[in-house]
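Scroll down for the structure; my scribbles are underneath it.
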Amino acid sequence: NLKIALPIVFSQLGGAVVQLVDTFMVGCLGTVELAAVSFASAVFAIGYVFSIGILLGATPIIGQAYVRGEKQTIVELFQNSIVLATLAAVVIGSLLYLTSFFMDNMGQVDAVVELAIPYFLVLVVSLIPHMYFFSIKQFLEGLGNTKVAMWITIIANLINVLFNYLLIFGKYGFPELGVLGAGVSTLIARASMPVLYLIWLRLKPEWWSYCKDFRWSLFSWLRLKQLLAMGLPIAAHILLEVSAFAFSGVMIGWLGAAPLAGHQIANNMSHMAFMVVMGISSATTIRVSHQLGARNIEGLKMAAMASVHLCLLANAIMGTLLIVFRVQIAQAFSTDPEVISVGSQVLVMAGIFQLADGMQAVGAGILRGLTDVKIIMLYAFIAYICINIPLGYVLAFVCGFGAVGIWAAFIFGLGTAAILFHVRYHKVRKRIFAELQEQVIL
């Protein structure tokens, strides 16, 4: 599991670190510029995570076909996943573009909106190549390879940082574009990613053989429907989780600037920790789908349990570090005594939260590997929207626990999701085992 998970972890951590570097570089320009990037990124993230989620459904289907040696099926799925990436980029990109006309009505300062819109529109354009990158990435992950995506992500991140420096500040003869320069550098980096993937595919005859078999006749509404049936529930699950965090952040903002700053500290650290468990979860989907394709129930059980153990170990360590060094972490982000006080309290809850977050992520990864994704969407709606948000409001404002109460609701909400996901996994595994036993008897 670690052989598959670690490259994903490193690529995700690399992306998170680059986001911090981007924030620092734009922050050097001033508060308005930083606010513009933050505002545009928040609006863009909703469409971005949904579009990426749609493509995640290809991995378990391709994984099962790969184990069974069904090359023609893989070619069809890969080709139609590229079509799906194109359609998703056009539809979601168009909706995001239309959103830009309403950004000045979202309660932001005029100066912030003026800088945010051009940056936002460049991000929308960058969605197109990024979707092609993810389409190829999910194909190779279905075959069990995660290392190539790691190296391409690292290279793209370095390209992003380089062009950030050149275009934001106008170095070495490049135009000084400020905030827009950050957007253009992101576009250049994302455009390089599918190109690098194509070069890599071309150099690997085994992988290129899938591309050589592309045919116009393989375009299939049935395959698109199959990919959408897997991808849409995954996209909805991710969107529900992102929405829960976003709305909870809005509620914390009602408490004042200091609680919001303390929440942002905990959220940043929790996001970094989540990159590790995301890698484990993605590896779980790949391993479980392969074992399911081979009809190896014992191997499936071992792959799932190994990921649970890895998650518990990794998140226990990260959670402990957040709790033990909570004051030092808060002090690294702020010198305001009130922010440090609130941040330290919230970091304790964020540390405990790691176990619930990790277990729900791995549980979702197992169910994706089993292609049992519709139930994930339902459970996510129950846990994140029906439980997490209302409970957060009650604990924060009715009971008076403030930001700590909202993070306590995260623990309960995501803990509920974790329990539901794992109970469902055991139920599905028993059903599959019973079906295989019946086939053996027949």
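The values are calculated or read from the model by the stated rules, or taken from the named source; none is laboratory data. Note that the structure is predicted; figures quoted are calculated from it, not measured. A quick note on method: Cβ atoms are made from the backbone with ideal geometry, for glycine too, and the neighbour counts reach across all protein chains shown. All accessible areas refer to the heavy atoms of the entire protein, side chains included, with ligands and DNA or RNA removed. Shrake-Rupley method; radii C 1.70, N 1.55, O 1.52, S 1.80 Å.
Tell me the label-point distance for the pair GLN331, VAL91, using the 7 Å Cα-to-Cβ offset, in nm and rounded to one decimal.
5.2
Take the chain, connect every pair of alpha-carbon atoms lying under 10 Å apart with a spring to form a Gaussian network, then pick out the residue of ARG295, ARG202, ARG368 with the largest mean-square fluctuation.
Looking only at ARG295, ARG202, ARG368, the largest GNM fluctuation is found for ARG202.
Return the aspartates and glutamates within reach of LYS71: Cα separation strictly under 12 angstrom, same-chain partners fewer than 8 residues apart disregarded; answer none if there are no such residues.
By straight Cα distance, LYS71 reaches GLU206, ASP213.
Which FRET efficiency value, to the nearest 0.05, do you get for ASP110 and LYS430 by plugging their Cβ-Cβ distance into 1/(1 + (r/R0)^6) with R0 = 51 Å? Please list the in-between numbers first.
Values: r = 59 Å, r/R0 = 1.16.
Calculated value: 0.30.
Mind ranking TRP216, TRP254 by accessible surface for me, highest first, 1.4 Å probe?
On the way: TRP216 215, TRP254 145 Å².
Reading off the accessible areas and sorting them downward yields TRP216, TRP254.
Explain nothing, just the number: dipole magnitude of the stretch 215-321 about its Cα centre with +1 on each Lys and Arg Cβ and -1 on each Asp and Glu Cβ, in debye rounded to the nearest 20.
Values: 6 positive and 2 negative charges, 106 e Å.
Roughly 500 debye, rounded to the nearest 20.
Only helices at least 15 Å long along their axis, Cα-based, and averaging 1.0 or more on Kyte-Doolittle count here, so list those DSSP H runs from the chain.
Values: long enough: 2-27 (37 Å, 1.45); 31-55 (36 Å, 1.86); 71-99 (41 Å, 1.31); 110-142 (46 Å, 1.25); 147-169 (33 Å, 1.73); 179-203 (37 Å, 1.43); 221-253 (46 Å, 1.30); 257-293 (52 Å, 0.52); 297-324 (40 Å, 1.62); 337-369 (46 Å, 0.97); 402-441 (59 Å, 0.66).
Counting only whole DSSP H runs, the qualifying helices are 2-27, 31-55, 71-99, 110-142, 147-169, 179-203, 221-253, 297-324.
What's the magnitude of the charge dipole for the chain around its Cα centre, counting Lys and Arg as +1 and Asp and Glu as -1 at the beta-carbon? Answer in Debye, nearest 20.
On the way: 24 positive and 19 negative charges, 337 e Å.
The dipole of the chain has a size of about 1620 debye.
Rounded to the nearest 500 deg cm²/dmol, what is the calculated helix-only ellipticity per residue at 222 nm for the chain, with -39500 (n - 2.57) per DSSP H run of length n ≥ 4?
Values: 16 runs with 370 residues, N = 442.
Value at 222 nm, helices only, nearest 500: -29500 deg cm²/dmol.
Given R₀ = 22 Å, what would the calculated FRET efficiency be for PHE102 paired with LYS374, taking r from the Cβ atoms and rounding to 0.05?
On the way: r = 32 Å, r/R0 = 1.45.
Computed FRET efficiency for PHE102 and LYS374 comes out at 0.10.
With the cut-off at 1.5 for a/c, could you classify the stretch 183-328 from its C-alpha gyration tensor as rounded, prolate or oblate? Before the final figure, lay out each step's value.
Values: a/c = 2.03, a/b = 1.54, b/c = 1.32.
Cα axes put the stretch 183-328 in the prolate bin.
Picking from ILE385, GLY299, PHE134, whose Cα lies most toward the positive end of the charge dipole for the chain (charges on Cβ: Lys, Arg +1; Asp, Glu -1)?
Positive-most Cα among the choices belongs to GLY299.
State the answer as a single residue: which of VAL32, VAL348, VAL83 lies farthest towards the positive end of the charge dipole of the chain, with beta carbon charges of +1 for Lys and Arg and -1 for Asp and Glu, about the Cα centre.
Of the listed residues, the answer is VAL83.
Can you tell me the dipole magnitude for the stretch 115-240 around its Cα centre, using point charges on the Cβ only (Lys, Arg +1; Asp, Glu -1), in Debye to the nearest 20?
Numbers: 10 positive and 4 negative charges, 63 e Å.
Charge dipole of the stretch 115-240: 300 debye, to the nearest 20.
Any of LYS137/LYS171; LYS147/LYS301; LYS171/LYS212; LYS212/LYS374; LYS137/LYS374 with alpha carbons more than 31 Å apart? Name them for me. Intermediate results must be reported in sequence, preceding the final value.
Working: LYS137/LYS171 33 Å; LYS147/LYS301 25 Å; LYS171/LYS212 43 Å; LYS212/LYS374 34 Å; LYS137/LYS374 23 Å.
Those over the limit are LYS137/LYS171; LYS171/LYS212; LYS212/LYS374.
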